[in-house]
Amino acid sequence: MAKEFKTLDAFAKHLSTLAKDYKKYEAKAANSLGEILHLEAKDKIGHLQDGAGPFKDWKELAESTKADKERLGYVFNHEYNPLYRTGELKDSISHVFNIVTRQLYLGSTDEIMVYQEFGTKYIPPRSVIGLTMYQGAADIKYTMSSMLVSWVSGTPITKMKIRKKTYGSV
């Protein structure tokens, strides 16, 4: 239902009230989005990925890597769980919303992720973070536009619609 204002002053007061609440809506949307994206990134670990945009398809693991996983007794799927051995790299992925800079960060605390993202002389790139962000464009647009609609319409933050997903895992 559309909200009507009898005077410009009433409309100005409404806008002023909205402006005060914006950061709360933004933080809720960003944190919900961060949760979606970080689960998406974690879900890429252990499965070969088709590239998108500037990100290349993940190459099958080298025979020497497969043999090493077998020798060490790791449990693996038919793809030999690329980027997954102990779960440490997967567990290192997280997100944080910086309320001061109003930026959402998705990343890993493990420096090995840098080598996986960009590759090295010896290993091909297997982007997790970049690919997740690229593929997450629709989720980002949906979440932030839903937040704006809720905020502008004055929908209580507790009723703001955020898309939820289900996830598989290794």
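Numerical summary
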quantity: Extended-chain gain in nm, criterion 0.36 nm per residue less alpha-carbon gap, residue 85 and residue 111; calculated: 7.8 nm
quantity: Förster radius 41 Å - calculated FRET efficiency between residue 24 and residue 65, Cβ distance, rounded to 0.05; calculated: 0.30
quantity: About the Cα centre, charge dipole magnitude for the chain (Lys/Arg +1, Asp/Glu -1 at Cβ), debye; calculated: 780 debye
quantity: Cα-projected label distance for residue 140 with residue 153, points at 7 Å along beta-carbon direction, nm; calculated: 2.5 nm
quantity: Cβ-based net charge around residue 27, under 15 Å, with every Lys or Arg adding one and every Asp or Glu removing one; calculated: +2
quantity: Cα radius of gyration and Dmax for the chain (Å); calculated: 21.1, 77
quantity: The range 23-159 - percent relative contact order, Cα under 8 Å, separation 6 or more; calculated: 31 percent
quantity: Cut-off 13 Å between beta-carbons: net charge of the residues surrounding residue 13, Lys and Arg +1, Asp and Glu -1; calculated: +2
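Taken together, the values in this text are just the output of simple stated rules run on the coordinates, not laboratory data. Just so you know, these numbers come straight off a predicted model, no measurement behind them. Neighbour counts run over all protein chains shown; Cβ positions are idealised from the backbone, glycine included.
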